[in-house]
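J.: Could you have a look at this structure, given as structure tokens, before my questions?
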Amino acid sequence: LPTVSTQPSGAPSESAGPTGLPTVSKEPSAAPTVSVQPSGSPSESAGPTGLPTISMAPSPAPTNSFKPTGSPTLSMHPSTSPTISSKPSSLPTLSSQPSGSPSVSAGPSATPTVSVHPSVTPSTSLVPSSTPTVSMQPSQAPSVSVAPSLVPSDAPSVSAAPTFIPTLQTCGITVEQRSGDIRANILTVSDQALLDDPLTPQGQALAWLIEDDDRLLCPPDDLIQRWVLAVMYFSTGGDGWDQCSDVSIDICGSQDPFLTKRRFLSSFNECQWAGISCNIFSKVTEIEFEENSLIGTIPTEMGLLTDLAIWGMERGGLTGPIPTQIGNLSNLIFLDLDFNDLSGTIPSELFLLTGLTQFDVNNNRLSGNIDQIGVFEQLEFLQIHANLFTGQIPATMGALTQMTTFTLHETGFVGAIPNEGVA
């Protein structure tokens, strides 16, 4: 039977132990069969044969030589039909180098040989198969490469970079469309020149609503109410408020009068902001600030909060007039603006609010007369002292039968206080 030899010899072999079966010899044998030089029909067998053994001692029939013989040799060049078989066959083959009829057998065969180099009739199979199958040499079949390709493919690619037309997921429209829609919405209630000016409270509130409001409201949501409260914030020096301003470091909501409330201009619904209360329809019904360092002017946009019933901005530093738009607040019953620095006359539009029950504007610099005060038939509390009012005390005061508190000292009024209607 064939053996594997690592040294050429005439007929010697080296065996690690005696056996009657073929062995691997390190010495040349009489009939060497494997050469490192190319031969006509090289083969290599990596597995056992029918009854093969590997011997480290010489055997009578050495089979493997490292020197060229007249027998076939191993060729380093491709051949016409190299194959590798992973399954058993009658003549399974595996070749690491192409040859005329190369094969390597890792499993049993009819007449197997173990050869380091190709022989005349080699055959080796890694797993017995019925047909030889795989070649180590390139074929026309396609292959898959994990290495990157420098040549672009037709397949689309995904980029993490922003596109030229960004969209706002929450609104389903582009940023530009949202900005334009919000602006158009606010223009229905405000002046374009004021909105275009980044230094006005109106312009600041619009810019905040579009660019900085984390709530990211989308048209046609009710944006006007939120914008109005933002205008109020910027108009009354919101950044300088004692509590719950957008920039203050206090723990908003931890103390009176804003317990459980949220910071102004935060991402929460505006009904949760400090000093703000709403009805079940999320419409502002109360604005109550006392001693929170409101400094600035009362914005005319306050007249847009038509559900407002209670309005208090006391003990601050508000200047300027009471806006005429107050006449739009038909639900207003409570107005407290005392201890500020308001000036001008009481607007005639205020006297349209016939449901008013409390009117408290003492300690300001208001002037003019109060001749129409008699229209407030439900009025219970009237404090107008420490102002610059002048004229006669109206006789119609006597018709205010619900009145419980009335002060007018430190003013320029003259005349007698009516006897009727004042408790």
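The values are calculated or read from the model by the stated rules, or taken from the named source; none is laboratory data. Quantities reported herein were computed from a predicted structural model and do not represent experimental measurements. Here the Cβ positions follow ideal geometry from the backbone for every residue, glycine too, while neighbour counts run over all protein chains shown. What goes into the accessible areas is simple: the full protein's heavy atoms, side chains included, and nothing from ligands, DNA or RNA. Shrake-Rupley method; radii C 1.70, N 1.55, O 1.52, S 1.80 Å.
J.: Any residue at all in the stretch 306-313 that is within 24 Å of L223 (Cα to Cα), over 40 Å from the mean Cα position of the chain (by Cα), in a loop (DSSP other than H, G, I, E, B) and touching a residue at least 12 places away in the same chain (Cβ under 8 Å)?
T.: yes
J.: Checking E176 against (1) assigned to a loop (DSSP other than H, G, I, E, B); (2) surrounded by fewer than 19 Cβ atoms within 10 Å (Cβ to Cβ), which test does it fail?
T.: Unmet for E176, out of (1) assigned to a loop (DSSP other than H, G, I, E, B); (2) surrounded by fewer than 19 Cβ atoms within 10 Å (Cβ to Cβ): (1).
J.: Now a separate question. Out of G415, G391, I need the residue that is over 27 Å from T319 (Cβ atoms) and of a type outside the set (A, V, I, L, M, F, W, C). Which one? Don't jump to the end; show me each part of the working.
T.: Working: G391 fails: over 27 Å from T319 (Cβ atoms).
From the options G415, G391, the qualifying one is G415.
J.: Could you tell me whether any residue of the stretch 292-307 is in contact with an Asp or Glu (Cβ under 7 Å, 6 or more places away or on another chain), β-branched (V, I, T), surrounded by fewer than 19 Cβ atoms within 10 Å (Cβ to Cβ) and at pLDDT 95 or above? Can you show your working first?
T.: Taking the stretch 292-307 and keeping what is in contact with an Asp or Glu (Cβ under 7 Å, 6 or more places away or on another chain), we get 292-293.
Those still in the list that are β-branched (V, I, T) too: none.
There is no residue in the stretch 292-307 that is in contact with an Asp or Glu (Cβ under 7 Å, 6 or more places away or on another chain), β-branched (V, I, T), surrounded by fewer than 19 Cβ atoms within 10 Å (Cβ to Cβ) and at pLDDT 95 or above.
J.: While we're here: Being loosely packed, with under 14 Cβ neighbours inside 10 Å and farther than 30 Å from T297 by Cβ is the filter here; which residues of the stretch 378-401 pass it? Don't jump to the end; show me each part of the working.
T.: Step one: list which residues in the stretch 378-401 are loosely packed, with under 14 Cβ neighbours inside 10 Å, which gives 390, 392, 395, 401.
Correct list: Q392, A395, T401.
J.: Looking at T396, is it more than 21 Å from G317 (Cα to Cα) and not in a helix (DSSP H, G or I)?
T.: Values: more than 21 Å from G317 (Cα to Cα): yes; not in a helix (DSSP H, G or I): no.
Taking the combined requirement at face value, the residue does not satisfy it.
J.: Can we say R215 is modelled with pLDDT of 95 or more and within 27 Å of the chain's Cα centre (by Cα)? Write out each step before concluding.
T.: Values: modelled with pLDDT of 95 or more: no; within 27 Å of the chain's Cα centre (by Cα): yes.
Against the criterion (modelled with pLDDT of 95 or more and within 27 Å of the chain's Cα centre (by Cα)), R215 does not qualify.
J.: Which of the residues belonging to the stretch 363-385 are closer than 20 Å to L342 by Cα, in a loop (DSSP other than H, G, I, E, B) and within 56 Å of the chain's Cα centre (by Cα)?
T.: The answer is N363, N364, I384.
J.: Take the residues of the stretch 363-377 that are of a type in the set (S, T, N, Q) and at negative phi: which is least open to solvent (accessible area, probe 1.4 Å)? So that I can check it myself, show each step before the final result.
T.: To start, the set of residues in the stretch 363-377 that are of a type in the set (S, T, N, Q) comprises 363-364, 367, 369, 372.
Imposing the further condition that a residue be at negative phi reduces the set to 364, 367, 369, 372.
Details: N364: 13, S367: 36, N369: 76, Q372: 91 Å².
Of everything passing the filter in the stretch 363-377, N364 is least open to solvent (accessible area, probe 1.4 Å).
J.: Somewhere in the stretch 204-222, is a residue open to solvent by less than 30 Å² (accessible area, probe 1.4 Å) and within 13 Å of T300 (Cα to Cα)?
T.: no
J.: Name the residues in the stretch 225-282 that are in a loop (DSSP other than H, G, I, E, B), touching a helix residue (DSSP H, G or I) at 6+ places or on another chain (Cβ under 8 Å), open to solvent by 30 Å² or more (accessible area, probe 1.4 Å) and under 20 Å from I186 (Cα atoms), would you?
T.: If the condition is that a residue be in a loop (DSSP other than H, G, I, E, B), touching a helix residue (DSSP H, G or I) at 6+ places or on another chain (Cβ under 8 Å), open to solvent by 30 Å² or more (accessible area, probe 1.4 Å) and under 20 Å from I186 (Cα atoms), then S282 is the only one that fits.
J.: Do we have T324 as among the β-branched types (V, I, T) and surrounded by fewer than 17 Cβ atoms within 10 Å (Cβ to Cβ) here? I'd like the intermediate steps shown before the answer.
T.: Details: among the β-branched types (V, I, T): yes; surrounded by fewer than 17 Cβ atoms within 10 Å (Cβ to Cβ): yes.
Yes: the conditions hold for T324.
Rundown of residues vs (1) under 23 Å from L332 (Cβ atoms); (2) in contact with a strand residue (DSSP E or B) (Cβ under 6 Å, 6 or more places away or on another chain); (3) without any contact (Cβ under 8 Å) to a residue 40 or more places away in the chain, yes/no style:
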| residue | (1), (2), (3) |
| --- | --- |
| I384 | yes, no, yes |
| N387 | yes, yes, yes |
| P394 | yes, no, yes |
| T401 | yes, no, yes |
| E410 | no, no, yes |
| I417 | no, no, yes |
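J.: Output the residues belonging to the stretch 317-360 that are assigned to a loop (DSSP other than H, G, I, E, B) and of a type in the set (S, T, Y). Outline the logic, then answer.
T.: Quick first cut of the stretch 317-360, residues assigned to a loop (DSSP other than H, G, I, E, B) only: 321-323, 329-333, 337-340, 346-347, 353-357.
Matches in the stretch 317-360: S330, T354, T357.
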